[in-house]
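Trainee: Can you read through this structure? Questions will come right after.
Here, each number is a calculation from the coordinates, and none is a lab measurement. Note that this is a predicted model, so its numbers are computed, not measured. When we count neighbours, we look across all protein chains shown, and the Cβ atoms used for this are built from the backbone with ideal geometry, even at glycine.
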Amino acid sequence: AKELGSKMNVGVVGFGGLGHMAVRQAVAMKNNVVVFSTSESKRKDIEGMGAHFVLSKDPHQMAAAKNSQHLIIDTVSAQHEIAPLLACLKTDGTLCMVGLPPEDLKLHAFDVVGKRKRLAGSLIGGLQETQEMLDFCAQHGISADIELIPPQKLNHAMAALRGNSSPARRFVIDVKGQMTEGDWEVEEDNDIDPAKHKVHRTATVVPPSAMHPKSERMQ
């Protein structure tokens, strides 16, 4: 978006930790920003940042958004369909994936060839790009919305994220504040079912002892 200049139509899918930062930066670049979200409760915050809200589970609102965006940044890591998002791109538009859905994406060739649309992805920038982003955020006073929590509240935070029920866009664990207290026990939360938590298929799970030998563990 920065290279192509301002006044682009930029869509952002999802309004979580990545999404709200994408919105703030795209708005600061003076683009016309639309957020595609499944949560009507986030409309007020989205519009408060200077973006427009589209309820992505409403077929009528999605139909009205067709052929409208130059760029769509998809920040969602939950499984979702991308064909409706591709339909919202203009000719030569780009859908950039920065979220990591756990399963394969379903895509029909005509979803992209009809209007020369592009499906791209990005993980993380290099040092120069990261510094440019930080400088831009500093120049425009852009920072992330966070809720600082102690380690004991980790399960509560997970439950809130799973239920999409927290106004916090990102939880940050206050490790430093707990270093001298010695209480690292995480409180139980009945909303958390360990059986429902799945490890991404490309991840490798190792026992804690392999990562933190006894001699190196915190006492």
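Trainee: Which of the listed residues, V76, V33, P59, is farthest toward the dipole's positive end in the range 20-89, when Lys, Arg count +1 and Asp, Glu count -1 at the beta-carbon?
Mentor: Selected residue: V33.
Trainee: To continue, here is another question. Starting from the Cα-Cα distance between H108 and N155, subtract it from 0.36 nm times their residue separation and give me the gain in nm to one decimal.
Mentor: Extra length available between H108 and N155 comes to 13.0 nm.
Trainee: While we're looking at this one, here's another question. For every other residue with a beta carbon closer than 15 angstrom to the beta carbon of M97, add +1 if it is Lys or Arg and -1 if Asp or Glu, then tell me the sum.
Mentor: Result for the local shell: -2.
Trainee: In terms of modelled amide H atoms, which long-range or inter-chain residues lie less than 5 Å from the amide H of V12?
Mentor: Answer set, sorted by chain and number: V34, V35, F36, I73.
Trainee: Another one. Checking the a/c ratio against 1.5 first, then a/b against b/c, what shape does the Cα gyration tensor give for the range 36-169?
Mentor: prolate
Trainee: If you don't mind, another one. Based on the Cβ-Cβ distance of E40 and H60, what FRET efficiency does E = 1/(1 + (r/R0)^6) give at R0 = 22 Å, to the nearest 0.05?
Mentor: For E40 and H60, the calculated efficiency is 0.95.
Trainee: If you take the charge dipole of the range 1-145 about its Cα centre, with +1 on Lys and Arg Cβ and -1 on Asp and Glu Cβ, which of A138, V12, C88 is farthest toward its positive end?
Mentor: The one lying farthest along the dipole's positive direction is C88.
Trainee: From the backbone phi of the range 52-59, what are the Karplus-calculated ³J(HN,Hα) couplings (6.51 cos²θ - 1.76 cosθ + 1.60, θ = phi - 60°) in whole Hz, Gly and Pro given as x?
Mentor: 9, 10, 10, 7, 5, 8, 9, x
Trainee: How large is ³J(HN,Hα) for each residue in the range 144-159, as worked out from phi by the Karplus curve 6.51 cos²θ - 1.76 cosθ + 1.60 (θ = phi - 60°), to whole Hz, x for Gly and Pro?
Mentor: Working through the residues one at a time gives 8, 7, 10, 10, 7, 10, x, x, 4, 9, 4, 5, 4, 5, 4, 5 Hz.
Trainee: Let me ask you something else. Please list the non-local residues whose amide H lies under 5 Å from the amide H of G93, H modeled 1.01 Å from N, same-chain partners needing a gap of 5 or more.
Mentor: R118
Trainee: Using a simple charge model, +1 on the beta-carbon of Lys and Arg, -1 on the beta-carbon of Asp and Glu, nothing else, what dipole does the range 19-92 show about its Cα centre, in debye to the nearest 20?
Mentor: Taking the Cα centre of the range 19-92 as origin, the dipole is about 180 debye.
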